[in-house]
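Below: the structure, in structure tokens.
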Amino acid sequence: MSSTTTIRLATPADARAIAELSRREIEHGLPWRWTTPRVLRAIRGHDTNVVVAIEHDLVVGFGIMFYGEDAAHLNLLAVSPGARRRGVGSALLLWLEQVGRAAGAEAIRLEARQDNLAALAFYARHGFRTTETMIGYYLGMEDGVRLEKVLAATRSTTAPS
Ligand SMILES: CC(C)(COP(=O)(O)OP(=O)(O)OC[C@H]1O[C@@H](n2cnc3c(N)ncnc32)[C@H](O)[C@@H]1OP(=O)(O)O)[C@@H](O)C(=O)NCCC(=O)NCCS
């Protein structure tokens, strides 16, 4: 990652750039679901973190993670093509992973297109494993895979003696 890259929480002013990056790099070929208003709701939501990578005042990557009861769900993660293979995606993921651990999440889960070999290699490198293959998951047009990274052993329910 370049020394000029900053990883920080997104602000409402970043919402449009994030939505456009999502449409171009993640949702291509599918209806646009992560529009600017939806990204804004995620930025303002108390159960979601939106993190951005900034270079020269531009959003070059982002991640959106939702915190459920036991597990965190990585809704979206993308880096713009010109900024890839420089560790930006890893920095975003590690930032979110650390927050997930601190919040007590036992695992991070996500879905990806089965033919997205770059993403599958990226997540494998970060310790994710495939838990399920979902035929026609993307509107019946493309298959998906569910991935999981366990962060901590399940907590004991035994009361201390
Ligand atoms: C997946 C993605 C976020 C990775 O971001 P990135 O900044 O390029 O990732 P990093 O530079 O941190 O890569 C870390 C490691 O992941 C693996 N990796 C990343 N991209 C890869 C690719 N295209 N092919 C093979 N391995 C890859 C490599 O092991 C890499 O380490 P290396 O560069 O030392 O070999 C990026 O390719 C992307 O935005 N893709 C489009 C959107 C997407 O598919 N998002 C995920 C599904 S929601």
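See the values below:
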item: Per-residue [θ]222 nm for the chain (sum of -39500 (n - 2.57) over DSSP H runs n ≥ 4, rounded to 500); result: -8500 deg cm²/dmol
item: Per residue value of the accessible surface for the stretch 1-114 (all protein chains in place, 1.4 Å probe), Å²; result: 51
item: Under Karplus coefficients 6.51, -1.76 and 1.60, residue-wise ³J(HN,Hα) of the stretch 105-121 in Hz, glycine/proline x; result: 5, 7, 7, 10, 10, 7, 10, 9, 5, 5, 8, 8, 5, 4, 5, 5, 5
item: Percent accessible area from carbon and sulfur atoms, the stretch 1-76, protein chains only, probe 1.4 Å; result: 52
item: Förster radius 30 Å - calculated FRET efficiency between D47 and N116, Cβ distance, rounded to 0.05; result: 0.70
item: Selected from G140, G127, G63 as most flexible by GNM, with the chain as the system and alpha-carbon contacts under 10 Å; result: G140
item: Accessible surface, 1.4 Å probe, highest first, among residues Y123, Y137, Y67; result: Y137, Y67, Y123
item: Gaussian network model of the chain, Cα within-10 Å springs - most flexible of A71, A102, A124; result: A102
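The values are calculated or read from the model by the stated rules, or taken from the named source; none is laboratory data. Keep in mind that what you see is a predicted model, and the values were worked out from it rather than measured. Every residue, glycine among them, receives a Cβ derived from its backbone with ideal geometry; neighbour counts consider all protein chains shown. Note: areas computed on protein heavy atoms with side chains; ligands, DNA, RNA excluded. Shrake-Rupley method; radii C 1.70, N 1.55, O 1.52, S 1.80 Å.
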